[in-house]
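Here the structure comes first, spelled out in structure tokens, and everything after it is commentary.
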Amino acid sequence: MTTKAARLFRRMDGLFAVYKPQGVHWKLIRDTIESNLLKELNSCPPPAPQLAVKFQLLSSGENNGSKDLILSPSMLPSLANHPLVTGPQFHKVHVGVGHRLDAFSSGVLVLGVGKGNYVLEHLCKSHVTRDYTLEGEFGRATDDFSDTTRVIEKTTYDHVTQDKLERVLAMIQGANQKALITYSQMDLRTQEAYELAVKGLLYPHGKSPPILTGLRCIHFNPPHFTLEVQCVNETQKYLRKLIHEVGLELRSSAVCSGVRRTRDGPFKAENALTRQHWTADCIIQAIAHFRKTTRKIRKSGMYRQTDGQLNSSAKIQEQIRSEIGQSDQEHVELTSPTSDRIVDRVAPGTG
């Protein structure tokens, strides 16, 4: 008969998302969740001790005056499996981390427990888009593109208008769209490539530099502005550098004051667990909520490509995208190359 702790551990098998606050390293979040899960597993009441037959030797006085020795059987608890003898039942709960966030950034961080650790690999290789909100400030430049380090330059920004900013983002759009087509390894003369481009399902095949599939300004109040970004293969340092390059294109300078991930594939900010919910019960509920999504991501792992299958890469990409979830596909359609309010950018480097 399985114990309560073992049944609880079996339910911790899948993917879930937490909200990482700014200024906290992702390793600290992983270690905190591992410690919380391990503590709750080992706090479950142990099973009732098993009974074992013991033979006790009765003295002659206990046998109605008889001088013969008598062995009397009795049922006594066996302490061989008691926690005070064997120690805690669980010594390690491994929590895997998906697309990581550096200490400067905040937002959605996908984690996996049990078999969910293997699903994280499929999620990272399925080229799902990730959404970010970037906070920028004109007038300054720093050595690492953030607003917390040494200032190396100060510039004016009175000439910067929202119309000029939109024109710069439109210029960035064309460069990114060209890079996206190049790394998708699709023949643009085919009907298949046209249909995928219309649906917004063109994605880079294999390794590629960071590519923005969507970029727009959602707030402009100089010197502060906010950009909404959809991208693949990005790093947070690259996104901060993007703010810096936008300032240079506007003949000014800019620093990034905040990077917040709002979506990682099918995992959104509204489904991420905050600090007070990093408990076993809340994590199990989150894993159950994404159970169907986890199965689809695991199933998408069978669509691995070989060098001889490059001609069918678009079909495989579309199939993987559909397996990830309809909600993600609907979001991608909003940021398709035909959208007049979303712009793209080529990656100048990996950052």
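The values are calculated or read from the model by the stated rules, or taken from the named source; none is laboratory data. Not measured: the values here are computed from a predicted model. Glycine gets a Cβ as well: all are built from the backbone with ideal geometry, and neighbour counts include every protein chain shown. SASA here: full protein model, heavy atoms, side chains in, ligands and nucleic acids out. Shrake-Rupley method; radii C 1.70, N 1.55, O 1.52, S 1.80 Å.
A few remarks follow.
- Only one of the numbered conditions (1) at pLDDT 95 or above; (2) part of a helix (DSSP H, G or I); (3) within 27 Å of S35 (Cα to Cα) is not met by T294, and that is (1).
- Residues of segment 223-233 that are under 24 Å from S184 (Cα atoms) and either outside any strand (DSSP E or B) or open to solvent by 10 Å² or more (accessible area, probe 1.4 Å) (or both): E228, N233.
- Of the residues in segment 234-255, not one is open to solvent by 20 Å² or more (accessible area, probe 1.4 Å), polar (S, T, N, Q) and farther than 29 Å from I181 by Cβ.
- Pairing residues of segment 18-41 that are farther than 12 Å from R100 by Cα with residues that are of a type in the set (K, R) and assigned to a helix (DSSP H, G or I), at Cβ distances under 6 Å and at least 6 apart in sequence or on separate chains, gives no pairs at all.
- Summed over segment 262-271, residues that are outside any helix (DSSP H, G or I) and more than 10 Å from the chain's Cα centre (by Cα) total 1.
- Selection status of V113, of a type outside the set (D, E) and in contact with a helix residue (DSSP H, G or I) (Cβ under 6 Å, 6 or more places away or on another chain): no
- Members of segment 20-72 found to be modelled with pLDDT of 75 or more, open to solvent by 80 Å² or more (accessible area, probe 1.4 Å) and touching a Phe, Trp or Tyr at 6+ places or on another chain (Cβ under 9 Å), listed by number: Q22
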